[in-house]
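Since the structure comes first, as structure tokens, the remarks are kept for the end.
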Ligand code: F6P
């Protein structure tokens, strides 16, 4: 594309331009390069861009048809071409009176019917009206799911802990490693435990295996028969038949639809455990937050469109600076699972190497997304961010106020937390010159070690407080950012065929581990490892 070539030329012209120069040239850069979406303020001034870069990136987005694809998504067209599905997570937070059609049918009434059933169920559990088989109140909720059926609700539960009913213990089990379920259940009373089995397909081996073990644990613990299952198991799925086959009453099933991708699903029925924890009102506030950013993404002009901007910055670094990864660093303990959640959202979406027509791409697609909350990361891997040889763009996310529930003595630590966020952004951008180091009287042999080149790009995302609405806004911001990047790179961001091969192979390999079966097609390394495994197990 000529727009791509123009950016490549522009990249060469920029050369090694330093953020110090860019800030010196424009004293208003700090305010000019800022955008507000809902309650989120994005400062993108510490990125390696000029007005010209931003203009060229917007032209690229226009030429790549980002706006057209966005509108097709919102309209419910089948933009997930390999699975022939619409991509309508935005319908999950549409207002009751909206009309969004798939194959001529308005899906919004069904979305709200499920939300209403979820709200009713969550209220009954929270009020102690929904009791277990023996009539005892439910005090523990265990969500069993994996991938999108785990990461979303688990992340949001952590994020919104301050808003949860502290009388309820909500836990998340995902790994097929039996230790995960064991540790989650070992101190729980089955009579007070509700299992929420979350699986879009209801065929995922990890989830079905864990749910089966959980059922055995329950029935043994209660000394009861299958009829006890109805009070202790609910299902969140698109697959009614498989739910019934598993033995869960479909009256206790909360439905969603094939047009909700797993990694885009936590504001659907998949959010039930979260809704039980925070209550329906807070859940609806979160949906409102999502909607705020959906509307912004759909209608804001390109210059002020925050997801478009974030997406294009990622394209700029990945495709024109060869950055391989992107760090997301929340300065909030409550966002401890946020980056893990984004890993699936981003890497399962844009970890592709053929374009929408199936032709190999010869440009970089999705980055490795990683990060953990500040300030912990500062004492682990930030050294590499500051002085390593790799360019790693980063998002710094922080909040002006701690959550209301923190006691004053601990809330007082918040300024120190945020001072660290701002300090990191400044140090990464501006570094420390040799002259500055020498001026401190440092011996000449130490100067290179103590010099920070700087020029490491960051975007700072700041909001007043981490509320349910703000969480919804943040997640929607990243959902649409990932969308923009997929659209520019011309990949289908909504399938995940790459995960299938490993799943199929695991099924084939298992008999080689258990029965020593000869499995056709095993490579020499894997069959030798299987034999060694059997020997170690004494088989
Ligand atoms: O990892 C592949 C995947 O299909 C994800 O996309 C999905 O979120 C996860 O498995 C779980 O799938 P399900 O909800 O169908 O159990």
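Things to note:
- Lone qualifier among 288, 281 - being within 19 Å of the chain's Cα centre (by Cα), away from the ligand (no atom under 14 Å from the Cβ) and at pLDDT 95 or above: 288
- Listed conditions (1) surrounded by 14 or more Cβ atoms within 10 Å (Cβ to Cβ); (2) over 20 Å from the mean Cα position of the chain (by Cα) are all met by residue 521, apart from (1).
- Counted residues, region 236-257 - those being within 11 Å of the ligand (Cβ to nearest atom) and either surrounded by 23 or more Cβ atoms within 10 Å (Cβ to Cβ) or part of a loop (DSSP other than H, G, I, E, B) (or both): 5
- When region 368-404 is filtered for residues that are free of Cβ contacts under 8 Å to residues at least 40 places away in the same chain and more than 19 Å from residue 335 (Cβ to Cβ), the ones remaining, listed by number, are 383, 384, 388, 389.
- Being more than 16 Å from the ligand (Cβ to nearest atom) and either crowded, with 18+ Cβ neighbours inside 10 Å or in contact (Cβ under 8 Å) with a residue 12 or more places away in the chain (or both) is a property that holds for residue 162.
- Enumeration of residues in region 332-352 that are touching a helix residue (DSSP H, G or I) at 6+ places or on another chain (Cβ under 7 Å), crowded, with 20+ Cβ neighbours inside 10 Å and outside any helix (DSSP H, G or I): 337
- Residue match in region 413-431 (condition: within 30 Å of residue 201 (Cα to Cα) and under 26 Å from the mean Cα position of the chain (by Cα)): no
- Counted residues, region 178-197 - those being farther than 22 Å from residue 128 by Cα and within 16 Å of the ligand (Cβ to nearest atom): 2
- In the set (1) buried (at least 20 other Cβ atoms within 10 Å of the Cβ); (2) in contact with a strand residue (DSSP E or B) (Cβ under 7 Å, 6 or more places away or on another chain), the condition left unmet by residue 366 is number (2).
- Looking at 212, 203, just one residue is within 15 Å of the ligand (Cβ to nearest atom), farther than 30 Å from residue 399 by Cα and in contact with a helix residue (DSSP H, G or I) (Cβ under 7 Å, 6 or more places away or on another chain), and that residue is 203.
- Elements of type helices (runs of 4 or more DSSP H) contained in region 440-539, each with 2 or more residues being at pLDDT below 95: 500-514, 524-536
- Cβ-Cβ distances below 6 Å connect the following pairs, each with a first residue in region 519-538 that is without any contact (Cβ under 8 Å) to a residue 40 or more places away in the chain, a second residue that is part of a loop (DSSP other than H, G, I, E, B) and surrounded by 11 or more Cβ atoms within 10 Å (Cβ to Cβ), and a separation of six or more residues or different chains: 534/516.
- Exactly one residue among 231, 171 is modelled with pLDDT of 95 or more, away from the ligand (no atom under 16 Å from the Cβ) and either assigned to a helix (DSSP H, G or I) or over 22 Å from residue 118 (Cα atoms) (or both), and that residue is 231.
- Test for residue 306: is it buried (at least 24 other Cβ atoms within 10 Å of the Cβ), in contact with a strand residue (DSSP E or B) (Cβ under 6 Å, 6 or more places away or on another chain), closer than 30 Å to residue 128 by Cα and at pLDDT 95 or above: no
- Subset of region 380-404 [farther than 30 Å from residue 451 by Cβ and either surrounded by 12 or more Cβ atoms within 10 Å (Cβ to Cβ) or touching a strand residue (DSSP E or B) at 6+ places or on another chain (Cβ under 8 Å) (or both)]: 399, 400, 401, 402, 403
- The residue that is surrounded by the most Cβ atoms within 10 Å (Cβ to Cβ), counting only those in region 211-226 that are touching a residue at least 40 places away in the same chain (Cβ under 8 Å) and more than 19 Å from residue 241 (Cα to Cα), is 214.
The values are calculated or read from the model by the stated rules, or taken from the named source; none is laboratory data. On a predicted model such as this, the values are computed, not experimentally measured, just so you know. Glycine also receives a Cβ, built like all others from the backbone with ideal geometry; neighbour counts cover every protein chain displayed.
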